[in-house]
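Some notes on the structure that comes next.
All of the numbers you see were taken from the coordinates with simple rules; none came from a lab. Predicted model only: the values in this text are computed from it and were never measured. So basically every Cβ, Gly included, is an ideal-geometry build from the backbone, and we count neighbours across all protein chains shown.
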Amino acid sequence: MSTDIDAPSEVDLLVAGAGPAGMTAALVASLEGLDVLLCEKSGQVGGTGATSAGTLWIPGNSQSRTAGFDDKAEQADRYLDALIGESTNRELRKAFLASGPEVIDYLGARTDVQFLPCGKHPDYRSNMPGAAISGRAIVPMSFDGRLLGADFARIRPPVPEFMVFGGMMVGKADIPRLVGRFRSISNFIYSAKLFARYLVDRLTYERGTRIMMGNALIGRLFYSLRKRKVPILFGARIADLIGDARGITGARVKLGTKEIVVTARKGVVLATGGYGHNKRLRDAFMPQPVPVHSMSCESNFGDGIEIGQRLGATTAPAQSTSGLWTPVSVVPRPDGSKGLFPHLVLDRAKPGLIVVNSGGHRFVNEAASYHDFVLAMFESHRTTPTIPAWLICDAVFLRKYGLGVIYPGHRNPGKFVDSGYIMRAQTLDELAGKIGVDSVQLRKTVERYNKFAKTGIDVDFSKGETELNRFNGDADHAPNPCIGPLLNPPLYALAVWPADIAVSTGLAADADARVLGSDGKVIPGLYACGNDMASVMAGSYPGPGTTLGPAIVFAYRAVMHAKSAAL
Ligand SMILES: Cc1cc2nc3c(=O)[nH]c(=O)nc-3n(C[C@H](O)[C@H](O)[C@H](O)COP(=O)(O)OP(=O)(O)OC[C@H]3O[C@@H](n4cnc5c(N)ncnc54)[C@H](O)[C@@H]3O)c2cc1C
């Protein structure tokens, strides 16, 4: 793997990992006048962040306020107290809430890392005290990858399942216009422009350069780092730290077969993305049976956490809250490999879909947040096999709303039956037989659910009763935007599995992201942020952007502390 600069042997701050957390730390360090080196293990920047939706949860942010969506950090504080408990991480949460808006404004004023308000985007427990319906979530502005020239290839691309035509990114706002391209002139022109831009892009680039969501966040961070000429060492794995009685003073960095030592006068920031693919840590921290799927970037092996553990750092929180989850379906790809499609928001809350376990029972409000949905899978699995669980819908639903990678209006769902992605049957009994689910109970479940569709009231799981449910439902469907009948064959079933999109167990740290030893005291010169830092939310998932918001805020706080700290 190539490196693009000669490595300096001495810097102020050494940052490990070029995901959103590490890139932010390196950028802020440079803005604050520190001599910084960013080391990235792979050949590309972005990590898991590049494949993410890119949403940040920043209560009280000024972008939303300016757009007329008022929100107060005190309200969010009340919400987090109710959700997480008053005694857990209170000091860290206060620091996060206090710094959040300031960090976003700082980046907006001094770099190309610019955000837009999402407007309405309900918190995930929208019926709890202090929860907000709008104003807390922000997203990066889309980014023109052409500004990076040849460096565009250094941005980790989104997963193929999130692109169309083999390389074009599509945002949530694009979907209705592309699907309805023949329904209005304006939709047609909009779609034609997107496609024309993409065709031109492909003459020069491997994929479309109109990037958005997490890819735009990374594009903007990378562009800002390049403008400031911050050195980034690719193919550079932080292998271990070095130190003396004063604390951490540098690191050993592996560059292929070579090893270099970099001295860091102000300390080292670990931002290596958490323990995603580290089997030992998955076995130690995750619920049983340990989920086999992870959406973490393939180079994330818990390096930062293991380095911290070797130095006697504490990990937190406890086992049961160790992941931030989404249900995924497994997508057979034409080349024989398999992709993972996260069922975040597009299908589960739409009217006419249920989820069942192997007993044929529903076990959760299908429109719950992706994290809460998977927690319910784990709970149900204790008594009835629920991994995988089955999303069930009929032909009308599939055509109108799509399912997983099958987009709405798809003309050839048979292709996905042939590839084994979905199961199809003419009757519920036949479908139950194909997926190994109790057929008598499945019939009863669907009959009962179809009655809820008439009344609009889900007596069992209250589907459609929260703002979050309705936000992801179909506003044009009555009486309940999330409940519709399953009546029209053929019927379809799709298996979903738990997968981590992030982890919450990491290195325990204080409000300045300083890593804590087993004695509760800080390890001087050692900082952790992003998924390497134990989640400030302690395993809860309050709203859209729960990991990226704190990742960026604590990266900033780490640098602001390091800047003035004397080792
Ligand atoms: C589909 C999907 C959607 C998501 N959407 C959202 C969202 O909208 N909002 C949200 O808040 N979160 C979201 N997430 C989660 C979010 O992407 C992660 O929590 C976030 O990217 C973590 O940032 P990070 O910087 O800690 O790690 P990463 O983004 O994973 O970056 C870590 C980097 O460290 C590098 N690295 C690893 N080991 C070493 C080493 N030893 N030395 C040097 N470098 C190393 C890796 O190669 C990688 O580049 C989503 C995740 C997925 C999968």
**Prompt:** When the chain is fully extended, how far beyond the present Cα-Cα distance does I175 get from R310, taking 0.36 nm per residue of separation?
**Reply:** 43.9 nm
**Request:** Tell me what the chain gives for mean residue ellipticity at 222 nm when only DSSP H runs of n ≥ 4 count, each as -39,500 (n - 2.57), the sum divided by the residue total, rounded to 500 deg cm²/dmol.
**Result:** -9500 deg cm²/dmol
**Message:** Within the chain, which whole H helices from DSSP have a Cα span along their axis of at least 15 Å and a mean Kyte-Doolittle hydropathy of 0.5 or more, if any?
**Reply:** 20-31, 548-564
**Förster radius 41 Å - calculated FRET efficiency between I260 and R65, Cβ distance, rounded to 0.05** = 0.30
**Prompt:** For the stretch 253-293 and the stretch 60-90, what is the separation of their C-alpha centers, rounded to whole Å?
**Reply:** 31 Å
**Item:** Cross-link table K172/K227; K120/K279; K172/K454; K338/K454; K400/K434; K172/K193, entries beyond 28 Å C-alpha to C-alpha
**Value:** K172/K227; K120/K279; K172/K454; K338/K454
**Item:** Residues whose placed amide H lies under 5 Å from that of A502, excluding near-sequence neighbours
**Value:** L324
**Request:** Kindly give Rg over Rh for the stretch 299-376, based on alpha-carbon atoms, with the Kirkwood expression for the hydrodynamic radius.
**Result:** 1.11
**Request:** Starting from the Cα of K254, draw a straight line to each of the aspartates and glutamates and keep only those under 14 Å, dropping any in the same chain fewer than 8 residues away.
**Result:** D6, E40, D240, D303
**Request:** List the trypsin sites (Lys or Arg not before Pro) within the stretch 192-288 that fall in a DSSP loop (any state other than H, G, I, E or B) and whose Cβ has at most 10 other Cβ atoms within 10 Å.
**Result:** K229, R246
**Message:** Bin width 10 Å, origin at 0, all Cα-Cα pairs of the stretch 182-328: what percent of pairs per bin?
**Reply:** 9, 24, 27, 23, 12, 5, 1, 0
**Asked** Kirkwood Rh over Cα pairs of the stretch 313-464 into Stokes-Einstein at 37 °C, 0.692 mPa s: D in µm²/s?
**Response** 198 µm²/s
**Fill in**
Stokes-Einstein, Kirkwood over Cα pairs, the stretch 131-256, 10 °C, 1.306 mPa s; D in µm²/s equals 90 µm²/s
**Asked** When the chain is fully extended, how far beyond the present Cα-Cα distance does E298 get from E32, taking 0.36 nm per residue of separation?
**Response** 92.6 nm
**Request:** Quote to one decimal, in nm, the extra length available between E86 and N488 on full extension: 0.36 nm per residue of separation minus the C-alpha distance between them.
**Result:** 139.8 nm
**Largest-first ellipsoid semi-axes for the stretch 111-156, taking √(5λ) over the Cα gyration tensor eigenvalues, angstrom** = 34, 11, 7
**Item:** Range of Cα positions in the stretch 342-412 per principal axis (Å), largest first
**Value:** 39, 22, 17
**Prompt:** How large is ³J(HN,Hα), in whole Hz, for each residue of the stretch 408-425 in order, when computed from phi with the Karplus curve 6.51 cos²θ - 1.76 cosθ + 1.60 and θ = phi - 60°, using x for Gly and Pro?
**Reply:** x, x, 4, 7, 9, x, x, 4, 7, 5, 4, 7, x, 5, 10, 9, 10, 8
**Asked** Can you work out the FRET efficiency for the pair Q288 and I185, with r the C-beta to C-beta distance and R0 = 41 Å, to the nearest 0.05?
**Response** 0.15
**Request:** Loop sites only, by DSSP: take the GluC sites (Glu not before Pro) in the chain that have at most 13 other C-beta atoms within 10 Å and name the longest stretch containing none of them.
**Result:** 299-567
**Request:** Once you have the Kirkwood Rh of the stretch 50-172 from its Cα pairs, apply Stokes-Einstein at 37 °C and 0.692 mPa s and quote D in µm²/s.
**Result:** 202 µm²/s
**Under 5 Å, built H, 5+ apart or other chain: amide partners of T249** = I242, G243, D244
**Complete:** Square roots of five times the C-alpha gyration tensor eigenvalues of the stretch 471-561, ordered largest first and given in whole Å, equal 43, 15, 10
**Request:** Could I have the simple spin-label model distance between K338 and I242, label points 7 Å from Cα toward Cβ, reported in nm to one decimal?
**Result:** 4.4 nm
**Asked** Taking the Cα centre of each part, how many Å lie between the stretch 123-181 and the stretch 312-369?
**Response** 19 Å
**Item:** the chain - Rg (one decimal) and Dmax (whole number), Cα, Å
**Value:** 23.6, 72
**Prompt:** Hey, which aspartates and glutamates would be in cross-link range of K444, C-alpha to C-alpha under 14 Å, not counting anything within fewer than 8 residues on its own chain?
**Reply:** D429, D460
**Request:** Treat each spin label as a single point 7 Å out from the Cα along the C-beta direction, and report the K94 to D519 distance in nm.
**Result:** 2.6 nm
